[in-house]
Amino acid sequence: MKISDNLEKQAALDLAEDSREEEWKFESFVGELFKGNFRWDLVHPYRVQAESDKTIGDKVCSELELVLKEHLDPDAVDKNEEVPKSALDALKKHGYFGMKIPKEYGGMGLSVVNYTRAMALVGSYCGSTAVWLSAHQSIGVPQPLKMFGTKSQKEKYFPQLAKGAVSAFALTEPDVGSDPAKMTTTATPVDDGENYLINGDKLYITNGPAADLLIVMAMTPSIMVAGKERKQITAFIVPTDDPGFEVIHKCSFMGIRGIENGWLRFTNVKVSKTDIIGDIGKGLKVALATLNTGRLTIPAISTASGKACMVMVKHWANERVQWGNKIGEHQAVQIKLAKMAADTFAMESISELTAVWADNENADIRLEAAMAKYFGSEVSCAIADETLQIRGGRGFETADSLRARGESPFPVERMVRDLRINRIIEGTSEIMQLFIAREAMDVHIKFIMGILSPKKGASLLGAFWKAIKFYSFWYPKQWIRLPKLYNVSALSRENRCHLTYISKTSKKLARSLFHTMGKYQTKLEKEQMILAKFVDIGTDLFAMSASLAHAEYLLSQDNADKNIQNVVNLFCTQARHRIKSNFKLVSKKDRKLIKSVSEWLVDGDISARTQGIVQPEIVNQKNG
Ligand SMILES: Cc1cc2nc3c(=O)[nH]c(=O)nc-3n(C[C@H](O)[C@H](O)[C@H](O)COP(=O)(O)OP(=O)(O)OC[C@H]3O[C@@H](n4cnc5c(N)ncnc54)[C@H](O)[C@@H]3O)c2cc1C
């Protein structure tokens with residue numbers, strides 16, 4: 001690796017470190033799991049939406065369903081690559097572009113739970129429309145304005161947004177995707193710092209070509225900290241009516257084809273310093289904090305898609321007869337059906353629980369939201385793909401074609417295409433794994449960094465002593481079974497057994513993470529294959545816990561559907577199999593093989609292995 005590559009990598013890591021929230025003001029269920037501390041009391045009794053809030057959500061959702069059905073044909077949206085203006089106008093008129101905006105500014109003032117319920121409903125009907133609303137409200141101007149805006153910013157922008165001004169969030173650039181340290185869009189102070197001139201390009205900006213207001217991330221002048229240059233990314237609210245704003249290209253995609261997304265250019269676009277959101281240099285912090293709740297839309301939509309798939313496969317498994325049996329009676333199909341039901345229940349449990357926590361100001365959900373997004377986006381794609389398989393040829397056929405032949409117009413192929421983007425936007429799955437791993441290791445990193453690079457004025461001896469004091473209690477605790485601090489007597493024997501497994505396994509996870517950190521020390525961040533396995537284990541343990549608490553709640557209700565116990569048992573059993581195999585990790589031999597084969601593919605001569613095809617057209621772009 002060249003020195004310049006190392007410097008670039010270090011700059012990316014420094015910026016990521018600088019942008020994360022350092023403190024944990026509140027307990028995190030998942031954070032505790034990674035420390036070997038299974039806090040059943042944080043998930044059980046299962047937190048449900050307050051009745052008064054539910055009444056509001058029920059009304060919003062039933063009205064929204066009517067608006068959607070009256071104004072939108074999701075198959076036409078897909079075919080025409082456009083959400084009709086009349087549908088957008090109807091959604092604006094009924095206030096659905098202001099769901100998150102506080103009532104005093106003309107918005108609906110919905111709770112996070114009700115907002116995600118509404119988005120799930122839209123997502124189950126039309127993926128493109130869900131993205132229009134979500135890019136505007138989950139990551140666009142309303143959410144960061146609510147969290148970080150000044151009173152005068154709120155008074156200026158909320159009323160126009162509540163009336164239907166469309167917004168977007170602009171971070172990505174042609175050379176900047178997962179690595180914002182390479183950002184080239186600049187905001188240069190002029191007029192004695194009263195204003196800034198924004199220059200640069202932003203790519204893939206959803207709603208960008210149609211937006212009235214943008215959140216733009218741009219580099220403001222660097223500052224020097226302890227003799228080192230520190231890059232400053234700052235978030236600005238930018239109106240798009242400036243003549244220096246241009247839409248260079250509108251992008252088209254395999255799915256969510258009705259969205260407006262494009263490549264935007266800013267040439268000396270003047271913005272006032274009063275339009276900075278948060279502080280100068282804190283743009284990525286604003287983005288990350290926004291995403292903590294913003295990310296909850298994807299798991300809600302993923303859950304809704306899982307539910308829609310369940311309805312479609314239920315119908316087809318009963319109706320379709322092949323080889324003398326309904327296809328739902330063939331074991332090869334049953335495996336898929338059962339997994340679909342169990343995984344959808346787990347997605348719903350994680351997604352609901354995290355949204356309820358998000359409404360509680362005394363919760364830190366950064367890990368739970370990231371896991372919900374990671375789990376939901378991966379699992380829903382797999383479910384949609386299996387639904388396509390169960391539908392056979394009809395799964396591959398468009399809804400319009402099915403309708404024209406007089407069959408149920410299940411839009412499975414569109415769902416497969418629409419859902420796929422969720423593994424890429426708002427943090428790719430690979431970046432989610434890195435994010436979760438970093439936060440999971442935080443407790444250990446703090447001790448290690450205290451020793452390896454003590455803060456100015458801090459004593460090394462003090463840092464050692466602190467670490468010894470912590471680990472001499474913490475480490476033995478990871479080997480012994482302590483009496484349970486929570487009451488499990490009311491639980492069924494099966495669920496008690498699942499809880500014991502989670503408790504034991506979270507200690508094993510904590511120990512393994514600690515041992516691996518000891519082995520690789522500061523080089524661990526490079527061991528992505530191992531970190532990904534730890535993250536997957538933690539995610540399964542979270543999903544098991546949330547599902548069990550959810551099942552316990554449902555089973556305690558009058559007229560409970562007792563099948564839920566089987567559903568949760570299946571999820572827990574299958575999660576245990578995955579956890580077992582993940583603990584085996586990728587063996588060292590495997591990891592070496594993966595590295596050498598991938599290096600051969602990237603750096604070696606593969607021409608002999610890629611003959612006999614029409615070669616894809618390659619445009620050589622400048623590299624970084
Ligand atoms: C339909 C659509 C809508 C979008 N909407 C918006 C929007 O509204 N606003 C906005 O700002 N952006 C938006 N984006 C951009 C999106 O957020 C990025 O595409 C995403 O962050 C990934 O960046 P990239 O495409 O440059 O991929 P890259 O960052 O180049 O990544 C390519 C691959 O490498 C992996 N990778 C990269 N770095 C690492 C690493 N350190 N370790 C391990 N793996 C790594 C990635 O996971 C991925 O698999 C949108 C994109 C699309 C396609």
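Table for the structure above
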read-out	value
All positions within the stretch 117-131 that are open to solvent by 10 Å² or more (accessible area, probe 1.4 Å) and within 11 Å of the ligand (Cβ to nearest atom)	Gly127, Val131
Members of the stretch 464-475 that are open to solvent by 30 Å² or more (accessible area, probe 1.4 Å), of a type outside the set (Ser, Thr, Tyr) and out of contact with any helix residue (DSSP H, G or I) (no Cβ under 7 Å at 6 or more places or on another chain)	Trp465, Ile468, Lys469, Phe473
Residue among Ala90, Ala181, Ala135 that is surrounded by fewer than 23 Cβ atoms within 10 Å (Cβ to Cβ), within 12 Å of the ligand (Cβ to nearest atom) and in a helix (DSSP H, G or I)	Ala181
Test: residue in the stretch 393-405 that is out of contact with any Cys (no Cβ under 9 Å at 6 or more places or on another chain), open to solvent by less than 60 Å² (accessible area, probe 1.4 Å), acidic (Asp, Glu) and outside any helix (DSSP H, G or I)	yes
Some residue of the stretch 450-463 being modelled with pLDDT of 85 or more, among the hydrophobic types (A, V, I, L, M, F, W, C) and open to solvent by less than 80 Å² (accessible area, probe 1.4 Å)	no
Failed item in (1) over 21 Å from Leu548 (Cα atoms); (2) in a loop (DSSP other than H, G, I, E, B); (3) open to solvent by less than 80 Å² (accessible area, probe 1.4 Å), with Asp75 passing the rest	(2)
Yes/no for Ala226 being touching a residue at least 24 places away in the same chain (Cβ under 8 Å), more than 10 Å from the ligand (Cβ to nearest atom) and more than 17 Å from Val247 (Cβ to Cβ)	yes
Tally of residues being among the charged types (D, E, K, R), open to solvent by 30 Å² or more (accessible area, probe 1.4 Å) and part of a strand (DSSP E or B) across the stretch 202-238	4
Whichever residue in the stretch 406-423 is surrounded by fewer than 19 Cβ atoms within 10 Å (Cβ to Cβ) and not basic (Lys, Arg) and, among such residues, is nearest to the ligand (Cβ to nearest atom)	Pro409
The lone exception for Lys163 - which of (1) of a type outside the set (Phe, Trp, Tyr); (2) within 15 Å of the ligand (Cβ to nearest atom); (3) modelled with pLDDT under 95; (4) under 19 Å from Lys92 (Cα atoms) it fails	(2)
Meets criteria (at positive phi and open to solvent by less than 60 Å² (accessible area, probe 1.4 Å)) for Gly324	no
Evaluation of Gln143 against (1) in contact with a helix residue (DSSP H, G or I) (Cβ under 7 Å, 6 or more places away or on another chain); (2) more than 16 Å from the ligand (Cβ to nearest atom) (one fails), failing number	(2)
Residues of the stretch 244-279 satisfying the condition of being assigned to a strand (DSSP E or B), within 16 Å of the ligand (Cβ to nearest atom) and of a type in the set (Val, Ile, Thr)	Val247, Ile248, Ile277
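The values are calculated or read from the model by the stated rules, or taken from the named source; none is laboratory data. Since this is a predicted model, take the numbers as computed values, not measurements. Neighbour counts are summed over all protein chains in view; Cβ atoms, including those assigned to glycine, are modelled from backbone coordinates with ideal geometry. Note: areas computed on protein heavy atoms with side chains; ligands, DNA, RNA excluded. Shrake-Rupley method; radii C 1.70, N 1.55, O 1.52, S 1.80 Å.
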